[in-house]
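What follows is calculated from the coordinates using simple rules that are stated; it is not laboratory data. Values in this document were obtained by computation on a predicted structure and should not be read as measured data.
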Amino acid sequence: MSRKVVISKTAEKKLNDLFDYLIKKWSVSVKKEFVEKLDASISIIQNQPEIFPESKKGKGLRKCVVTKQTILYYRFTSKRINIVTLFDSRRDPKRLEKEV
């Protein structure tokens, strides 16, 4: 069963910031590759939300490693996937606690 994907304001801002960074520091093609990986990850989550491990950061929170630098955190119900945030794994993990 495919669920509706809802992106939080925090995740949306982080995603836009990441897109800007990828274009400025790398290239449009690098951004495109990332978007393809992100879309593939979200597709898997929509169809099999329990496939990724639960995070210790919050109840019902799961984490999906999109790239070795980017982790997507989400929660789900029978009808929705709620993307809570995206996290840069190179940053201080304590910053994540403020976002979830």
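Here are the numbers for this structure:
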{"item": "Entries of K13/K57; K31/K79; K31/K56; K13/K56; K24/K59 with Cα pairs more than 31 Å apart", "result": "K24/K59"}
{"item": "For the chain: span of alpha carbons on each principal axis (Å, largest first)", "result": "38, 31, 22"}
